[in-house]
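Notes follow the structure.
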Amino acid sequence: MLKLLFVSTPVGPLSSGIGGGVEFTLYNLALIMSRRGHHVQVVAPEKSTLPNTSIIEIAGNLQISAQSQERDEMITLPPNSVLGNMWDYARQVQDKYDLIFNFSYDWLPFYLTPFFTGCRVGHLVSMGSVSEAMDEIIRQTVRQFPHQVTFYSQTQADTFGLKNVHCLGSAIDLPLYEYVNSPDDYLAWVGRIAPEKALEDAVAAAQITGIPLKIFGKLQDNNYWQQIQQDYSDAPFEYMGFFPTDELQKYLGKARALLMTPRWVEAFGNVMIEALACGVPVIAYRRGGPIEVVQDGKTGFLVEPDSVTGLVEAIQKINTIDRAACRRQAEQEYSLEALGDRTEQWFSLLLC
Ligand code: UDP
């Protein structure tokens, strides 16, 4: 049994959606590690909530997410930084834990790795390369402490020029997702509404096919969203809101397909495995995480990156995909148990 301290992302409270997939991964890891008898304590910004999980809330100002800044941006912290405060807390309590698990994609925790002498720090790198300063500190940490860094996928690690890294992948709590055999007539798009996710391509595909698109997720960049509404005023799309998992999966399950249109190299793409678990095929650009998840022609389609025509062609042949095969893939590859095994293996490597 291990005593684990999970230090959350400093860009937003847990369950706000601002942190995107990393919030989801933290929750799933806390769940599976607790089920396996480990003691998990989560430290996160104020106003954080997670079902059935106690959280030590830390006050302070939030970080700006790295992907919304320029590549050559300096590393900055606001006054009374929640990132600084969370890591100060971790420093004070380190002797009470076997392992500190960092979920933030920020410079400070990586830099602090060798300063923690009472307890080792493990890092999950949750995005691909988006900033020079982060590239540098991630590469340096991997060089000095190769067992202390894990990634979602090798495709993501490639963006840092790193080979043969440890990958944790991702997983979902399968019983929460209901399999739907007969969908309604709409498409789904799920994610943070921000330029790197290129929602406009999915809206354009909805316009061409005439099949309505339901959009779910955190409205992160309002100007970007206004622009899409202006540019596609006669397309059949509807913003549904940001939902907790139980509600999200109800709508998602009835979709004919999930469209995944990231402009950037998606580190993983948790929304894909949620869709598959409901029996929903995934149509994604052949770039980043989806390459390692979607079985082209079997559980969805991988299409030419940035090609709306490619999306439309895939939508037109979506009935050739067996929805049961989608659910099966989620069961075989993305169960919490599989993630629990990989995580325990990584921890034993990290702690030896
Ligand atoms: N999500 C959610 N409710 C919504 C829409 C999205 O909880 O209404 C969650 C979704 O379950 C997923 C996360 O937001 O876990 C998005 O993660 P992903 O890895 O796809 O992308 P990221 O935001 O990390 O780039």
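Every read-out reported here was derived from the displayed coordinates using simple, explicitly stated rules and does not represent laboratory data. This structure is a prediction, so every number in the text was calculated from the model and none was measured. All Cβ positions, even for glycine, are placed from backbone atoms using ideal geometry, and neighbour counts span all protein chains on display.
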Query raised in the report: Out of every Cα pair in segment 27-85, what percent are spaced more than 14 Å from each other?
Result: 64
Query raised in the report: For q = 0.12, 0.13 Å⁻¹, what log10 I(q)/I(0) does segment 149-271 give under the Debye formula with an equal point scatterer on each alpha carbon and no solvent?
Result: -0.52, -0.60
Query raised in the report: Around Y232, which amide H atoms from residues at least 5 apart in sequence, or from another chain, sit under 5 Å from its own amide H, with H modelled in the peptide plane?
Result: none
Query raised in the report: What lysines sit close enough to K96 to cross-link, taking a C-alpha to C-alpha distance under 20 Å and skipping anything fewer than 8 places away on the same chain?
Result: K3
Query raised in the report: Each residue of segment 164-171 in order: what ³J(HN,Hα) in whole Hz does its phi give by Karplus 6.51 cos²θ - 1.76 cosθ + 1.60, θ = phi - 60°, with x for Gly and Pro?
Result: 6, 8, 7, 10, 8, x, 8, 6
Report task. Take the alpha carbon gyration tensor of segment 296-343, find the square roots of its eigenvalues, order them as a ≥ b ≥ c, and report rounded if a/c is under 1.5; if not, report prolate when a/b exceeds b/c, else oblate. Result -> oblate
Query - Long-range HN-HN contacts of S81 with modeled amide H, under 5 Å - result: N61
Report summary line: Residues whose built amide H sits under 5 Å from the amide H of H166, excluding neighbours closer than 5 in sequence, are F151
Query raised in the report: Which ³J(HN,Hα) values, rounded to whole Hz and listed in residue order, are derived for segment 3-15 from phi using the Karplus coefficients 6.51, -1.76 and 1.60 in 6.51 cos²θ - 1.76 cosθ + 1.60 with θ = phi - 60°, glycine and proline given as x?
Result: 9, 10, 10, 9, 9, 6, 5, x, 8, x, x, 5, 6
Report summary line: The local net charge around T299, scoring Lys/Arg +1 and Asp/Glu -1 for residues other than T299 whose Cβ lies under 15 Å from its Cβ, equals +1
Query raised in the report: All other residues with a Cβ under 9 Å from the Cβ of S182 taken together, and with Lys, Arg as +1 and Asp, Glu as -1, what is their net charge?
Result: +1
Report summary line: The Kirkwood hydrodynamic radius of segment 239-352, taken as the inverse of the mean 1/r over all distinct Cα pairs, in Å, comes to 15.0
Query raised in the report: So what's the Cα pair-distance distribution over segment 118-204, bin width 5 Å, in %?
Result: 3, 10, 17, 16, 14, 14, 11, 8, 5, 2, 0, 0
Query raised in the report: When the Karplus curve 6.51 cos²θ - 1.76 cosθ + 1.60 is applied with θ = phi - 60°, which whole-Hz ³J(HN,Hα) does each residue of segment 93-99 get, with x for Gly and Pro?
Result: 9, 3, 5, 8, 10, 8, 7
Query - 10 °C / 1.306 mPa s Stokes-Einstein diffusion coefficient of the chain, Kirkwood radius on C-alpha pairs, µm²/s - result: 77
**Report entry** Packing rank of 344-351, 100-107, where each peptide gets the mean count of other beta carbons within 10 Å, highest leading
**Finding:** 100-107, 344-351
Report task. Using only Cα atoms, find the angle between the long axis of helix 199-209 and the longest principal axis of the chain, and express it within 0 to 90 degrees, rounded to the nearest 10. Result -> 20
**Report entry** For segment 288-313 and segment 1-15, distance of Cα centres in Å
**Finding:** 33
Report summary line: Cα-based Debye curve of segment 58-104 sampled at q = 0.15, 0.32 Å⁻¹ gives log₁₀ I(q)/I(0) of -0.50, -1.19
Query raised in the report: Taking the convex hull of the alpha carbon atoms in segment 215-295, what volume per residue do you get, in Å³?
Result: 109
**Report entry** Proximal lysines to K214, defined as alpha-carbon separation beneath 29 angstrom and excluding residues fewer than eight positions away on the same chain
**Finding:** K47, K197, K250, K254, K298, K317
Query raised in the report: When you count, for each residue, the other Cβ atoms within 10 Å and take the mean per peptide, how do 277-286, 248-257 rank with the highest first?
Result: 277-286, 248-257
Report summary line: note: segment 85-132, Cα-Cα separations exceeding 17 Å make up a percent value of 30
Query raised in the report: Dividing the Cα radius of gyration by the Kirkwood radius, what Rg/Rh value follows for segment 14-133?
Result: 0.94
Query raised in the report: Points 7 angstrom from Cα along the Cβ direction at M1 and Q230: gap in nanometres?
Result: 5.9
